[in-house]
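Structure, as structure tokens:
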Amino acid sequence: PLSKRKNAETNFIEKSELKDAGGAKEQQQKELLKKYLQEVAAKIHAVKRYPRQARRKGWEGTVVIKLSILPTGDVEQALLVNSSKRKVLDEAAFQAIEKAQPFPRFSEKLTLPSITVNIPIQFVLGE
């Protein structure tokens, strides 16, 4: 029984170490993904333009667009998830994504086949 317990402990330790190694890689992927998405958001924000009509009328809103990005930085798909309820703001959000392209290539360490993420694009007066 003692030898069985010892083997069970050894197996548990080995499995834990493997899990930690996988967890470390997963953590690295999460960090790389977070950094990449910050770059994407910054590029979109840099080219976003508040439509004159919306500004004049005091319209504000948030548009959420689902983006699928390939490792090359090309956008595979951009879909409207949540409308701002103002067509002019929705169109401005898509224009910002269009102007921001191409996005950076994935880092060699970011081993995902693609990234699909909901990107909120805010239009707030005084920003």
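The values are calculated or read from the model by the stated rules, or taken from the named source; none is laboratory data. The shown structure was predicted, so the numbers you read here are calculated from the model rather than taken from an experiment. Note: ideal-geometry Cβ built from the backbone for every residue, glycine included; neighbour counts use all protein chains shown. The accessibility values were calculated without ligands, DNA or RNA, using every heavy atom of the protein model including side chains. Shrake-Rupley method; radii C 1.70, N 1.55, O 1.52, S 1.80 Å.
Within the range 60-106, being farther than 13 Å from VAL40 by Cα and in contact (Cβ under 8 Å) with a residue 60 or more places away in the chain holds for GLU60, GLY61, THR62, VAL63. Only a single criterion out of (1) open to solvent by less than 80 Å² (accessible area, probe 1.4 Å); (2) in contact with a Ser or Thr (Cβ under 8 Å, 6 or more places away or on another chain); (3) under 28 Å from GLU31 (Cα atoms) is not satisfied by LEU112, namely (2).
Listed by first and then second residue, the pairs with beta-carbon distance under 7 Å, at least 6 apart or on different chains, first residue in the range 30-55 and in contact (Cβ under 8 Å) with a residue 12 or more places away in the chain and closer than 27 Å to LYS87 by Cβ, second open to solvent by 50 Å² or more (accessible area, probe 1.4 Å) and part of a helix (DSSP H, G or I), are VAL47/LYS99.
Restricting ILE65, ILE44 to residues that are at pLDDT 95 or above, touching a Leu at 6+ places or on another chain (Cβ under 7 Å) and not hydroxyl-bearing (Ser, Thr, Tyr) narrows the list to ILE65.
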